[in-house]
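A short write-up of the structure that comes next.
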Amino acid sequence: MSMDTELQKHYAMLWGIGSPWEVKTVELKLQEKKVEIELGWQWGSAAKCPECGCECSIHDSAPERTWRHLDTMQFTTLIRARTPRAECPEHGVKTVPQGRFTLLFERFAVEVLLACASVSQACELLGIGWDAAHEIMRRAVERGLERRQMDQLAHLGMDEKSFKRGHSYITLLTDLDQSRVLEVVEERTCEAADQLWATLTPEQKAAVEAVAVDMWEPFIQTIQKQVPAADIVHDRFHVSKYLNESVDQVRRQEHKELLAEGDETLKGTRQLWLYHPQHFNQEQRDEFSGLKDQQLKVARAWAMKELFSQFWEYQEEGWARRFFKGWFGWVSRSQLKPMAEVARLLKRHLENLLTYLRHHITNAVTEGLNSKIQSIKSAARGFRNFQNYRIRILFFCGKLNLYPL
């Protein structure tokens, strides 16, 4: 047996290549640290139609292609082959799938992409270009979406995320129970949100019990239209955001008034009014203790914000309503305009705040995914193309079965 024959046999055994494929040639390029393997189809062997699986005769071969394979002893390994095309009586001429030997590298690439801090880093480790990496991710997401199980969608979340600079957004639909992104669309309009719901079947939509969402009116409208039986739960984290923003408005107004009198009491205190005291160091704790006991408007606004957190602790809807009525009356009479405005906003949406007591869901999962998406966006230094952005989000945040094997 010649050395070439031994080498061909070795690579065939190494990769598990068998009939109807065979290793025809192996070319070692020592200077380039590369090995090129040519595979051939054993003519006379039948091929299976990729559509129906029936055995068919061979019509012809597709043009020769080259695939990257797993490195062999640190040698870049390339496979060349002309894939046969089956002649199916029912489906016509179809190219036969290339088989396992072309997918091993892709599986490895998916592992590396998931493990790396950035796609650029993965490309460097794999020795491939950005376009090749993106194509691997695109195919992986396509496979994952086809395999995804979506039979238990009880609690969902809907939220927005910035896309480009300026007022450019995407909208995400998330599965709160399994901490995954279900789909992403461009813009944050009713039409965009409707596109998200269109990705679910009527049976899946009927199973949805509640949706955690901000008070953005287009989102509320589309939820009421698409899943009318589901409860809308306004997210406590967004409510906290509204309250914090109002407290900060009171602080800025009061700080301006005090500065006009030469008083710098509130200088550099912004974070003290927004953070929870349990996160303070000793110096901050001492400073805040002195501030909140003074007759400051921002101290009253802060107390209103902190008191509202008790709303989420009630078990009975009636008690929660009584609490809100008392809190709303206090804030309305406070003559603190920013706080009164947010109180009126919460009153308009009170029914969808009370639903939290039944479902106890928040968009904390969605916010966590948003943080991960922001890291993806930062690592890529932004995205110009929405489809690329979507692929990246679903690849890293969709909890999909991405592997080709």
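A few notes on this one:
- Derived scalar couplings between HN and Hα for the range 275-284 equal 8, 6, x, 5, 9, 7, 7, 4, 5, 5 Hz in order, rounded to whole Hz, by the Karplus curve 6.51 cos²θ - 1.76 cosθ + 1.60 (θ = phi - 60°), x for Gly and Pro.
- Convex hull (Cα only) mean projected area of the range 355-405, reported in nm² to one decimal: 5.3
- Basic side chains Lys and Arg get +1 at the Cβ, acidic Asp and Glu get -1 at the Cβ, and with that the dipole of the chain about its Cα centre reaches some 680 debye.
- Of the trypsin sites (Lys or Arg not before Pro) found in the range 332-405, those in coil by DSSP whose Cβ has at most 12 other Cβ atoms within 10 Å are ARG333, ARG381, ARG384.
- Point-to-point label distance, GLU186-ALA62, nm (Cα→Cβ direction, 7 Å offset): 2.9
- Full extension of the chain segment joining SER168 with ARG82 gains 26.4 nm, where the gain is 0.36 nm per residue of separation less the Cα-Cα distance.
- Pairwise Cα distances in the chain exceed 27 Å for 66 percent of all pairs.
- Efficiency of FRET between GLU217 and ALA303 - r from beta-carbon atoms, R0 30 angstrom, step 0.05: 0.50
- Vicinal HN-Hα couplings computed from phi for the range 236-248 (Karplus, 6.51 cos²θ - 1.76 cosθ + 1.60; Hz; Gly/Pro x): 5, 6, 6, 4, 4, 4, 4, 5, 4, 4, 5, 4, 5
- Excluding exposed DSSP-loop GluC sites (Glu not before Pro) (at most 13 other C-beta within 10 Å), longest clean stretch of the chain: 91-260
- Projected label distance in nm at GLN310 and LYS241, using a 7 Å step from Cα toward the beta-carbon: 2.7
- FRET efficiency, MET73 to GLU146 (Cβ-Cβ, R0 35 Å, nearest 0.05): 0.50
- Antiparallel bridges, percent of DSSP beta bridges restricted to the chain (to nearest 5): 70
- Length gained when the stretch GLU90-GLU351 is fully extended (0.36 nm per residue, less Cα-Cα span): 88.1 nm
- Whole-number percent relative contact order across the chain, with pairs defined as alpha carbons under 8 Å at least 6 apart: 15
- All aspartates and glutamates inside 12 Å of LYS34 as judged from Cα atoms, apart from same-chain residues fewer than 8 positions distant: ASP71
- Amide H partners (placed H, <5 Å) of ALA154, local residues excluded: none
- Debye-sum result for the range 236-359 in log10 I(q)/I(0), which assumes one identical scatterer on each alpha carbon, at q = 0.09, 0.17, 0.18 Å⁻¹: -0.28, -0.89, -0.97
No value in this document is a laboratory result; all are computed from the given coordinates. It should be emphasised that the depicted structure is a prediction, and the values quoted were computed from it without experimental measurement. In this analysis, Cβ positions are derived from the backbone assuming ideal geometry, glycine residues included, and neighbour counts consider all displayed protein chains.
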